[in-house]
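Single-structure report; data block below.
The values are calculated or read from the model by the stated rules, or taken from the named source; none is laboratory data. Predicted model only: the values in this text are computed from it and were never measured. Cβ: placed from backbone, ideal geometry, glycine included. Neighbour counts: every protein chain shown. Side chains are part of the model used for accessible areas, which takes the heavy atoms of the whole protein and leaves out ligands, DNA and RNA. Shrake-Rupley method; radii C 1.70, N 1.55, O 1.52, S 1.80 Å.
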Amino acid sequence: MTEPVPRSIELLRQQARDELSAIIEHRCRAGEDPWQFIPDLPSVDEQVVISLRAGAIEAFDLAEEQSRAHHPAAGRDVFARFEYGVLRRIALEHPELSEAVWGMLDKVERA
């Protein structure tokens, strides 16, 4: 499997801003109150991490492992270990996203 082409963080952030803007517009056009849903949306850096996470799962062929980790019978520790491994890899490759990664890991631990 080939490695994904590295993209600059600024480009990824701009793509995340565009995606979040599209989500906001879609939900507003659907009649939702932005004061109700915007606080629940991820930050730009969290959206970048979400995108990188999906790319990493695909690039490193982790879909099967992800399915096992997210299965209800797997248990909380297996789920947290999988997410920690994927997100930690992102933080190591993109130190400027570390704060967003650790914030997301904190949410994983509390969920």
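Look at Q36 and say whether it is part of a helix (DSSP H, G or I) and either within 18 Å of A100 (Cβ to Cβ) or touching a helix residue (DSSP H, G or I) at 6+ places or on another chain (Cβ under 6 Å) (or both). For Q36, the condition - part of a helix (DSSP H, G or I) and either within 18 Å of A100 (Cβ to Cβ) or touching a helix residue (DSSP H, G or I) at 6+ places or on another chain (Cβ under 6 Å) (or both) - is not met.
Residues in segment 56-69: is at least one in a helix (DSSP H, G or I) and of a type in the set (F, W, Y)?
Quick first cut of segment 56-69, residues in a helix (DSSP H, G or I) only: 56-59, 63-69.
In the following step, the residues that additionally are of a type in the set (F, W, Y) were identified as none.
No, there is no match, as no residue in segment 56-69 is in a helix (DSSP H, G or I) and of a type in the set (F, W, Y).
For segment 9-21: of the residues being among the aliphatic types (A, V, I, L, M) and free of Cβ contacts under 8 Å to residues at least 60 places away in the same chain, which is surrounded by the fewest Cβ atoms within 10 Å (Cβ to Cβ)?
Across segment 9-21, the extreme among qualifying residues is L11.
When restricted to residues that are farther than 18 Å from R13 by Cβ and either open to solvent by less than 40 Å² (accessible area, probe 1.4 Å) or touching an Asp or Glu at 6+ places or on another chain (Cβ under 8 Å) (or both), segment 93-111 contains 2.
Of the numbered criteria (1) closer than 21 Å to W102 by Cβ; (2) without any contact (Cβ under 8 Å) to a residue 60 or more places away in the chain; (3) open to solvent by less than 90 Å² (accessible area, probe 1.4 Å), the one G75 fails is (1).
Is there a residue being surrounded by 14 or more Cβ atoms within 10 Å (Cβ to Cβ), out of contact with any Gly (no Cβ under 6 Å at 6 or more places or on another chain) and touching a residue at least 40 places away in the same chain (Cβ under 8 Å) anywhere in segment 22-30? Spell out how you get there, then give the answer.
At the first step, the residues of segment 22-30 found to be surrounded by 14 or more Cβ atoms within 10 Å (Cβ to Cβ) are 23-24, 27.
Filter once more, keeping what is out of contact with any Gly (no Cβ under 6 Å at 6 or more places or on another chain): 23-24, 27.
With the extra rule that they be touching a residue at least 40 places away in the same chain (Cβ under 8 Å), the set shrinks to none.
So far as segment 22-30 goes, no, none of its residues is surrounded by 14 or more Cβ atoms within 10 Å (Cβ to Cβ), out of contact with any Gly (no Cβ under 6 Å at 6 or more places or on another chain) and touching a residue at least 40 places away in the same chain (Cβ under 8 Å).
Tallying residues that are within 18 Å of A16 (Cβ to Cβ) and over 12 Å from the mean Cα position of the chain (by Cα) within segment 59-111 yields 6.
Determine whether segment 41-55 contains at least one residue that is part of a helix (DSSP H, G or I), open to solvent by 90 Å² or more (accessible area, probe 1.4 Å) and acidic (D, E).
Step one: filter segment 41-55 for residues part of a helix (DSSP H, G or I), giving 44-55.
Going one step further and asking which of them are open to solvent by 90 Å² or more (accessible area, probe 1.4 Å), we end up with none.
No - not one qualifying residue is present in segment 41-55.
Sort through A56, A63, A69 and tell me the only one that's closer than 17 Å to K107 by Cβ and in contact with a helix residue (DSSP H, G or I) (Cβ under 8 Å, 6 or more places away or on another chain). One residue alone meets the criteria, A69.
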